[in-house]
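Undergrad: My questions all concern the structure below.
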Amino acid sequence: MSQQFHLNTPLLESVNMSKRAGTTVYLKMESSQPSGSFKIRGIGHLCQQLARQSKGVVCSSGGNAGMAAAYAARKLGVPATIVVPASTPQLVVQRLKDEGAAVRIAGKVWDEANVEALRLAETEGLMVIPPFDHPLLWRGHASMIAEIAASLGPGAKPGAVLLSVGGGGLMCGVVQGLRDVGWMDVPIIAMETVGADCFNAAVRAGKLVTLDDVTSEAKCLGAKTVCKQAFDYSQCRELTIISEVVTDQQALQAVLTFLDEERVLVEMACGAALAAVYGGLICRFQAEGRLPTPLGPLVVVVCGGSGVNMEQLTTLKQKLLP
C-alpha cells in the first residue's frame, strides 16, 4: 500500500462557536496536519503519483503549499526547491529550510514567484508542484469530506461547509468530496479578505479577474487570479456557493478569538473563514435567505497555516488593531 502523508484530522464540536452560529459547529482541524495545513492532502497525493521518478520538485508558494511539498519530498527522498515571494515571513523560509528544501525568493506576490518556478522546472528538469491548480491536488483534498462523512455517521450531513479561498484548490477538492459522498446540495461558504479576493471579484464580474495587487495581510490567500475550475463551480447550478469577504481586521480578530477560545493559533488566511462565525455572517445569510433556517451542523475547515507565531501575531495586532 502506498504511503499516505496526511492525517485523518479530528472533527471537534465547538460550544463557543455553536452559540454564536445558532447551530452546532464542527471544526475540521487541518491545522493538525504534519505540514501545518490541509495542503499536504493534495500535494502528498500528487507527489505520490508523479514525484517518485523525478530528479527533484519545485513549488512556488507563499508558505503552506511549499511546506507540504518540502515535507512530501523529504519523505520520498526527492530534492525540493521552493520559490517564495518576498512577502513570505522569515519564519516560513526557515521552516522550509528545516524541512530540507532549497529556498529561492522571487517577486512580490505568488504569481511572480510562480514564473521563476516554471523557469527552474524548464532549465533544471524539475517537476512542478502547483500550489492549487491541478486535478490531483483536488482529488487529494477531497479526502477531507470522506473523513467528515465518516465522523458524522450514517444519515447525518452538514448544513453548510465554511472555508477560506486563496487560489481555489481547497474549494475544488471540497466540491469533489461533496460529489463523492452525495452531498452536492450542501452549501459552501467561501471566505476571503479584502485585497486578496480574486474569487469574489470573479463571481461579481461573472468572469475570471486578475487583481492588480494583493494588498491583504492574509498572504496565504495571495493569488491574483483564482483557478478556472473554482470559478466554473461558482457558475454551476447544482451547487450553492456563497462568496463573501471580510476585512483584515475582522480576520485577525477571528484569529485572536479562536486562539483564546479554542487554544489553537492559525494564520489570517484561516481567520477569514472563522470571521464568518465570529462576525455574525451565518445568521445574516439566513436572514437574507441564502442559507436555510434552521441550519444543520456547520462544518468549518480550519485550514491552519505554518506561517504564524506569537511574534508575528503581535506585529499584526500593532499594525491592524492599534
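The values are calculated or read from the model by the stated rules, or taken from the named source; none is laboratory data. Note that the coordinates shown come from a computational prediction; the quantities given were computed from them, not determined experimentally. Here the Cβ positions follow ideal geometry from the backbone for every residue, glycine too, while neighbour counts run over all protein chains shown. Accessible surface areas use protein heavy atoms only, side chains included; no ligands, DNA or RNA. Shrake-Rupley method; radii C 1.70, N 1.55, O 1.52, S 1.80 Å.
Undergrad: If you keep only loop residues by DSSP, which trypsin sites (Lys or Arg not before Pro) in the range 12-65 have at most 14 other Cβ atoms within 10 Å of their Cβ? Write out the running numbers ahead of the final one.
TA: Working: sites: K19, R20, K28, K39, R41, R52, K55; in loops: R52, K55.
Those that pass, being in a loop and sparsely packed, are R52, K55.
Undergrad: Out of the GluC sites (Glu not before Pro) in the range 244-322, which ones are loop residues according to DSSP with at most 12 other C-beta atoms within 10 Å? Before the final figure, lay out each step's value.
TA: Values: sites: E244, E261, E262, E267, E288, E311; in loops: E267, E288.
Here the sparse-neighbourhood loop sites are E288.
Undergrad: Shifting gears a bit: In terms of modelled amide H atoms, which long-range or inter-chain residues lie less than 5 Å from the amide H of A80?
TA: So A80 has HN proximity to V57, A102.
Undergrad: For the range 296-302, just list the computed ³J(HN,Hα) in residue order, Karplus coefficients 6.51, -1.76 and 1.60, θ = phi - 60°, integers in Hz, with x standing in for Gly and Pro.
TA: Each residue of the range 296-302 in turn: x, x, 9, 9, 9, 7, 7 Hz.
Undergrad: Exceeding 23 Å between C-alpha atoms, which entries from my cross-link table qualify? They are K75/K97; K157/K228; K228/K319; K108/K224.
TA: Beyond 23 Å: K157/K228; K228/K319.
Undergrad: What ³J(HN,Hα) values, in whole Hz, does the Karplus curve 6.51 cos²θ - 1.76 cosθ + 1.60 give for the range 148-165 when θ = phi - 60°, with x put for Gly and Pro?
TA: So the J values, rounded to whole Hz, are 4, 4, 5, 5, 6, x, x, x, 9, 8, x, x, 6, 10, 10, 8, 9, 10.
Undergrad: Amide H of L162 versus every other amide H placed in the peptide plane: which residues, excluding those fewer than 5 positions away on the same chain, fall under 5 Å?
TA: Long-range HN contacts for L162: I189, V299, V300, V301.
Undergrad: Hey, any idea what % of the chain's accessible area is carbon plus sulfur with a 1.4 Å probe?
TA: In the chain, the share of accessible area belonging to carbon and sulfur is 50 percent.
Undergrad: Tell me the per residue accessible area of the range 111-193 using a 1.4 Å probe; a whole number in Å² is fine.
TA: Here the per-residue accessible area is 32 Å².
Undergrad: Please list, in chain and number order, the residues 5+ apart from S37 or on another chain whose amide H is under 5 Å from its amide H, with Hs placed from the backbone.
TA: Here the answer is G305, since their amide H atoms fall under 5 Å of that of S37.
Undergrad: Give a quick list of trypsin sites (Lys or Arg not before Pro) in the range 118-227 that DSSP marks as loop, anything other than H, G, I, E or B, with at most 15 other Cβ atoms within 10 Å.
TA: Sparse-neighbourhood loop trypsin sites (Lys or Arg not before Pro): K207.
Undergrad: Please work out the average accessible area per residue across the range 218-322, using the 1.4 Å probe convention, and give it in Å². It would help to have the intermediate numbers written out before the result.
TA: Values: 4410 Å² over 105 residues.
That works out to 42 Å² for each residue.
Undergrad: Using the alpha-carbon atoms, what tilt in degrees (0 to 90, nearest 10) does helix 110-124 show relative to the longest principal axis of the chain?
TA: 30 degrees
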